[in-house]
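To start, the structure itself, in structure tokens.
Readers should treat all values here as calculations from the given coordinates under stated rules, not as data from a laboratory. Not measured: the values here are computed from a predicted model. Glycine also receives a Cβ, built like all others from the backbone with ideal geometry; neighbour counts cover every protein chain displayed.
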Amino acid sequence: MQSSKFAPWDDPDAKPLIRFRNVTKRFGEFTAIDNLTLDIYEREFFALLGPSGCGKTTMMRMLAGFENPTEGVIELAGQDIAPVPPNKRAVNMMFQSYALFPHLSVWDNIAFGLRRDRMSKQDIEKRVDEMLRLVRLEKFAKRKPHQISGGQRQRVALARSLAKAPKLLLLDEPLGALDKKLRQDTQFELMDIQEKTGTTFVIVTHDQEEAMTVASRVAVMDQGQLMQVSTPDRIYETPNSVYVADFIGDVNIIKGRATPDGEETYRIDWAEGQQPLIAKSSNGFASGQTCHLAIRPEKVTISSERPADAANALQGRVHDIAYLGNLSTYHVELPNGTIIKAQTSNTRRISRRTFTWEDTVWLSWTATAGVLLAD
């Protein structure tokens, strides 16, 4: 993530680099993008995140010029881009397959677009060398794509995409072909390169961890609509809907009925014979309104005794344990069959677990730990 000072979206005078204004895209009867309005700013690393078929790739293809909006306008640097053919846009696209030329060396792959633009030989050499340094592949300049690793091919594709100094670089699931460890390393490299070049990056991904790691802001999409557009921390801590809470990270969602109980405080009746839950929320709820309490597992404390002063405490049995090295997630079954997940960090080497299967435990959390959401 970029430094906290970088927030042009909070500046009323900042001019967006990209503007989607009431954009709809239909394919026959099917609406892929539904009346979407969005601003993306210069130097942003912007992520379009959502499940397959949510419209994120269609948005990217419209930016690249492979599709035009059915309705509405897309502007790049204040200009309507619909009439501008793809090869004339200050936009470049990097595909998941990298699409490198197998018979050309790494150097020639990077130089390809510059030669097509009839750049002078001297300028091409200077620019390609600069790009090789940027992606740390100087030693591999003479090799062919099949002689380097997947992660290195990915960096060649990135260098080739950035060689023409586009205003905007589109990345379509760029790390999809890499293994998990390499993906994580490459995410940080991408952020580093994006910051050094100052190019605006728009990445399409269905991997929420990737979006949360690299992006200055994330747009969570579903069925052609933007569900929430915000910084990764806001999307995680204050999702605006059950959909977003559920899509990002691990979460417990408890459905109930809200009753106001003091200032910005609600009592939630959620199960027969169970104590009501207490939650604070600045969102207003009417008495008896259906609500969903979304609580992240790391905000739920697990203990063998009932905590004395907890706003919310429930008793249950350990049903399952997921040990992830740095974390353990306990799946605790309540008397009515609801499963609540609680997460503890494994700060010390454990010779013996504190809790094991079938143990009776208490789960507790504060009134501000969860987010209260409407239907």
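Return an integer: the convex hull volume of the alpha-carbon atoms of the chain, in Å³ per residue. Could you put the intermediate results ahead of the total?
Working: hull volume 71.3 nm³, N = 375.
Spelled out: Cα convex hull of the chain, divided by residues, is 190 Å³.
Could you give the distance between the Cα centres of region 2-47 and region 118-170, to the whole Å?
28
What list of ³J(HN,Hα) values in whole Hz, one per residue of region 198-215 in order, does the Karplus curve 6.51 cos²θ - 1.76 cosθ + 1.60 (θ = phi - 60°) give from phi, with Gly and Pro shown as x?
Once rounded to whole Hz, the list reads x, 6, 7, 10, 10, 10, 9, 8, 9, 9, 5, 4, 5, 4, 5, 6, 8, 8.
Would you please state the base-10 log of I(q)/I(0) at q = 0.09, 0.13 1/Å for region 250-373, with intensities from the Debye formula using one equal scatterer on every alpha carbon?
Rounded to two decimals, the profile gives -0.26, -0.52.
What does the convex hull of the alpha-carbon atoms of region 98-207 project to on average, in nm²?
Computing the convex hull of the Cα atoms and averaging its projections yields 6.7 nm².
List the GluC sites (Glu not before Pro) within region 6-64 that fall in a DSSP loop (any state other than H, G, I, E or B) and whose Cβ has at most 15 other Cβ atoms within 10 Å. Write down the numbers at each step before the final one.
Details: sites: GLU29, GLU42, GLU44; in loops: GLU29, GLU42, GLU44.
Passing both the DSSP loop test and the Cβ count: GLU29.
What distance in nm lies between label points placed 7 Å from Cα along the C-beta direction at PHE6 and ILE339?
3.9
Hand me the trypsin sites (Lys or Arg not before Pro) from region 293-354 located in a DSSP loop with no more than 16 other Cβ atoms within 10 Å, in residue order please. Don't skip to the answer; put the middle values down first.
Working: sites: LYS299, ARG317, LYS341, ARG348, ARG349, ARG352, ARG353; in loops: ARG348, ARG349, ARG352, ARG353.
For trypsin sites (Lys or Arg not before Pro) across region 293-354 that sit outside H, G, I, E and B with at most 16 neighbouring Cβ atoms in 10 Å, the list reads ARG348, ARG349, ARG352, ARG353.
Give me the extension gain from GLU272 to ASP246: residue separation times 0.36 nm, minus the current Cα-Cα distance, reported in nm with one decimal. Working shown, then result.
Numbers: separation 26, 0.36 × 26 = 9.36 nm, distance 2.46 nm.
Separation in residues times 0.36 nm, less the Cα-Cα distance, equals 6.9 nm.
Quick check on the chain: helices-only [θ] at 222 nm, where DSSP H runs of length 4 and up contribute -39,500 (n - 2.57) each and the sum goes over total residues. Nearest 500, please. Present the calculation step by step, with values, prior to reporting the outcome.
Numbers: 8 runs with 85 residues, N = 375.
Only helices count here, giving -7000 deg cm²/dmol.
Please give the contour-minus-distance gain from GLN225 to ASN35: 0.36 nm per residue of separation, less the Cα-Cα distance, rounded to one decimal in nm. Each step should come with its number before you reach the end.
Details: separation 190, 0.36 × 190 = 68.40 nm, distance 0.76 nm.
Fully extending the segment from GLN225 to ASN35 adds 67.6 nm.
Using the Karplus curve 6.51 cos²θ - 1.76 cosθ + 1.60 with θ = phi - 60°, what ³J(HN,Hα) values do you get for each residue of region 312-327, in whole Hz, with x for Gly and Pro?
These are the phi-based 3J(HN,Hα) values: 10, 9, 10, 9, x, 10, 5, 9, 7, 9, 10, 9, 10, x, 7, 10 Hz.
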